[in-house]
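Structure first, then comments.
Here, each number is a calculation from the coordinates, and none is a lab measurement. Worth saying up front: this structure is predicted, and the values here are computed from it rather than measured. Cβ atoms come from the backbone with ideal geometry, glycine included; neighbour counts cover every protein chain shown.
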Amino acid sequence: MNTKLTTRLAMAAGATLLMTGAAFAQPAPEAKPAHTAPHRGGDHMKARFNPEARAQKLRDVLQLQPNQEPALKAFLESSKPQMRRERPDRQALQNETTPQRLDRQAARMTQMQQAFQRRATATKTFYAALSPSQQKAFDALHERRGDHGKRMMKKRFDHRGPPPAAPAE
């Protein structure tokens, strides 16, 4: 009788093992499709940091004519990132008085305002050189930029569900 019980237990354990193995045996996961929308590190980032790729993208999207090339070059030249300024010495910064720090910050803000003004003027000049249909395409290229914060907030809170209800008093 002992042998029958042992045999039955061994068979039950073997059957359980076989069924468990079959349950865990699954086909390999399918490869995820590549994202079609631009995302971090995508083509739009390459165009942003590669001036030639950015110029080519503008030529393609706007279907620029050869006579518009000088305006494009002036626009791209003004949009180039400026060389980073050297960081001031930490010791010198610590020894600054409040009025000196404020003067340094005001000078930096003036430089930033001047750089913005150069970019804005070049953009307006380039925009004026475009045909009305090209202007619409140019506007569409930059349309969603201002919406970035709203999209990020929506994305951030979408997965959390609605906010908790206010407690009843």
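Looking only at region 64-106, filter to residues that are more than 34 Å from the chain's Cα centre (by Cα) and not in a helix (DSSP H, G or I); which one of those is farthest from Q134 (Cα to Cα)?
Within region 64-106, the first condition is being more than 34 Å from the chain's Cα centre (by Cα), and the residues that meet it are 91-92, 94-100, 103.
After this cut, where a residue has to be not in a helix (DSSP H, G or I) as well, the list is 95-97.
Details: N95: 53, E96: 51, T97: 52 Å.
Going through the qualifying residues, I end up with N95.
Is there any pair linking a residue in region 97-123 that is closer than 23 Å to F75 by Cβ to one that is not in a helix (DSSP H, G or I), with Cβ under 8 Å and at least six apart or on different chains, and which?
Qualifying pairs under 8 Å: A115/Q82.
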